[in-house]
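Since the structure comes first, as structure tokens, the remarks are kept for the end.
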Amino acid sequence: MSARVNIHHVNVLVDALEPAILFYRDVLGLETIETPDQGFPSQFFRINEEQQLHMNELADERPFRAHFCVEVPDFMAVLQRAQAAGAIDVRPWGRIRRLPSGKL
């Protein structure tokens with residue numbers, strides 16, 4: 001395969017859109033971008049110049065451990081904002097720990 005393959009966007013479902021927007025915008029620092037009317041509450045975010053996060057408030061089954069990971073320039077600052085916002089949930093994976101790659 002000669003063409004570069006990229007992820008354009010990741011879609012996540014949330015139970016309540018407004019608190020999710022506050023987390024992804026104010027804690028992670030993602031920019032909200034124009035979001036088309038989809039017939040249900042939604043918000044799109046820019047991750048970088050090529051990638052987006054699409055968020056939809058829809059009733060649906062959600063796997064307990066499904067996730068995606070983003071790298072941020074200052075992990076500790078984001079962690080502190082997430083802790084202050086009460087957004088840390090250790091139930092799916094346990095405590096926060098360093099991965100074998102050295103990443104937290």
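Annotations for the structure displayed:
- Vicinal HN-Hα couplings computed from phi for the range 89-102 (Karplus, 6.51 cos²θ - 1.76 cosθ + 1.60; Hz; Gly/Pro x): 10, 8, 4, x, 10, x, 5, 6, 8, 6, 7, x, 6, x
- More than 15 angstrom apart: percent of Cα pairs within the range 47-104: 68
- Loop-located GluC sites (Glu not before Pro) in the range 1-56 (DSSP state not H, G, I, E or B) with no more than 12 neighbouring Cβ atoms inside 10 Å: Glu34, Glu49, Glu50.
- Long-range HN-HN contacts of Gln52 with modeled amide H, under 5 Å: His9, Val10, Ile47
- Loop-located trypsin sites (Lys or Arg not before Pro) in the range 24-103 whose Cβ has at most 12 other Cβ within 10 Å (DSSP): Arg65, Arg95, Arg97, Arg98, Lys103
- Counting charges near Pro19 (Lys, Arg +1; Asp, Glu -1) among other residues having Cβ under 12 Å from its Cβ returns a value of -3.
- Computed on the Cα atoms alone, the convex hull of the chain gives a volume of 158 cubic angstrom per residue.
- Spatial offset of the range 32-85 relative to the range 1-29 amounts to 3 Å, using the alpha carbon center of each.
Every read-out reported here was derived from the displayed coordinates using simple, explicitly stated rules and does not represent laboratory data. The shown structure was predicted, so the numbers you read here are calculated from the model rather than taken from an experiment. Every residue, glycine among them, receives a Cβ derived from its backbone with ideal geometry; neighbour counts consider all protein chains shown.
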